[in-house]
Amino acid sequence: MRTTGDQFLVKKLNKSIVLETIRKESPLSRVQVSEMTGLNKGTVSSLVNELVQDHLVYEIGLGKSSGGRKPIMLHFDKTAGFAIGIDLGVTYMLTVLTDLEGHIVAEQQTPIDQQDPEFVFQQLVKQVRMLIDRAPSSPYGIIGIGIGVPGIVNADGTILLAPNLHWEQFPLHEKLEKEFGLPVTLDNEANAGALGEKQYGAGRTSDNLLYLSVGTGIGSGIIIGGQLYRGVSGFSGEVGHTSIESNGKRCSCGNRGCLELYASEGALTEQGHGIGADSFDELLAMAEAGKPEALHLFHQTGEYLGIGIANMIHIFNPQLVIIGNQMVRAETWVRNSILRVVKQRSLPFHRDSMEVRFAALRTHSTVLGASYYAIYAFLTKDHVTL
């Protein structure tokens, strides 16, 4: 008898449910999978056998028995393949190799000392090849590449505009896929950061959160109802280019008075030149040493960030705001001023059920979110998206 499309779809859906249950809850027995999914034991047994053959699930021995034969326990095979995650910053490139649960196996960071897109692309290719060479042997090998970039990205993976890199219309997705012959997922770095914190960090129990990426510029990733919100054209979250000064400084985006001109790592570094600090690292060292001029700059930056966060709280009414990227390194000196200004400037109805935290993944939110893009694409490739 010919298998109908409906029967095939139901099987794919059930197989996805079984895989996701084992991935999240393992070790489990077949009976436990049946109980947790509501699928009958025969269906579960058949689908588990397929997943074992697919090298995505393996048996790890006998579990405890409540009477009768001891059950064979199942485990998700996190080393069936490996993903590459990339955080392409304005001044650095962070790349990681992870297993299918997002654990870092290898990590590399290199500075970016010029911003010509072709030059940066060749450096990116070099870093990816080094990680591929470091990957352990596995059934699926490198399953994909995820990358977060500091700019506006369209659905085809073209960087339409990255103001702080001075890039326009650069087809990074196309070039990477052609270079490596692997699936590539490209997104704005703040979206990737939000996903990283949602999957592995501070946002795991929050379905409504804002991730504020504070580096050379400022972007935000918005998760509503557990899903990444992109807006009608996919370009949501450019909070760094909201105006907080009507006749303020001129921004690289063409606007004036943008938030990131006052509250970013880039803004801090620029102001640091006036007190003898040539880099963000030197500013951090001065603050650590208790230098009043450095402490003042961090305090002022925290106030501006607090204003930006209060504005976002009023618009989105989130459960959680997560501050990530390089500004997490200055948490000690900006936290109090951020929280004070948020309290002063946000309505109590919005604030009472909301929390502000710094990223649990610290400076790795984006790179691990980028890796998860590749992992998710691989795990759902032949299954049904849940």
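Here are some notes:
- The largest accessible area among Tyr373, Tyr229 belongs to the first residue in Tyr229, Tyr373, and the rest follow in falling order (1.4 Å probe, all chains).
- Under the convention that each Lys and Arg Cβ holds +1 and each Asp and Glu Cβ holds -1, the size of the dipole of segment 1-144 around its Cα centre is about 900 debye.
- Per-residue surface analysis assigns Leu160 an accessible area of about 40 Å², computed on protein heavy atoms at 1.4 Å probe radius.
- On a per residue basis, segment 267-337 carries 42 Å² of accessible surface, using protein heavy atoms and a 1.4 Å probe.
- Taking a straight line from the alpha carbon of Lys381, these lysines sit under 30 Å away, with near neighbours fewer than eight places off in the same chain left out: Lys11, Lys12, Lys15, Lys24, Lys41, Lys78, Lys126, Lys175, Lys178, Lys198.
- Accessible carbon and sulfur surface of the chain relative to its total accessible area, %, 1.4 Å: 49 percent
- Ligands, DNA and RNA are left out, and with a 1.4 angstrom probe the accessible area of segment 9-87 is 52 Å² per residue.
- By the rule of a C-alpha distance below 17 Å, with chain neighbours fewer than 8 residues away ignored, the aspartates and glutamates paired with Lys70 are Glu35, Glu59.
- Estimated vicinal HN-Hα couplings, Hz - segment 138-148 in sequence order (Karplus 6.51, -1.76, 1.60; Gly, Pro = x): 7, x, 9, x, 7, 8, x, 10, x, 9, x
- Accessible area (Å², 1.4 Å probe, nearest 10) - Met286: 30 Å²
- Only the Cβ atoms of Lys and Arg (+1) and of Asp and Glu (-1) were treated as charged; on that basis the dipole of the chain about its Cα centre amounts to roughly 1380 debye.
- In the chain, the DSSP beta bridges split such that about 65 percent are antiparallel, to the nearest 5.
- Using a probe of 1.4 Å, the accessible surface attributed to Lys343 totals some 140 Å² when neighbouring protein chains are kept in position.
- In the elastic network of the chain, a GNM with C-alpha springs shorter than 10 Å, the most mobile of Gly217, Gly274, Gly369 is Gly274.
- Since only Ser34, Gly146, His166 are under comparison, the one whose Cα sits farthest along the positive direction of the charge dipole of the chain, derived from C-beta charges on Lys, Arg, Asp and Glu, is Ser34.
- With every protein chain in place and a 1.4 angstrom probe, the accessible-area ranking of His350, His299, largest first, reads His299, His350.
- Taking Ser236, Ser220, Ser46 and ordering them by how much accessible surface each has at a 1.4 Å probe, largest first, produces Ser46, Ser236, Ser220.
- Largest-first principal axis extents of the Cα set of segment 239-282 (Å): 30, 18, 15
The values are calculated or read from the model by the stated rules, or taken from the named source; none is laboratory data. Note that the structure is predicted; figures quoted are calculated from it, not measured. Because the Cβ atoms are built from the backbone with ideal geometry, glycine has one as well, and the counts that use them run over all protein chains shown. Note: accessible area is taken over every heavy atom of the protein model, side chains too, but ligands, DNA and RNA are not part of it. Shrake-Rupley method; radii C 1.70, N 1.55, O 1.52, S 1.80 Å.
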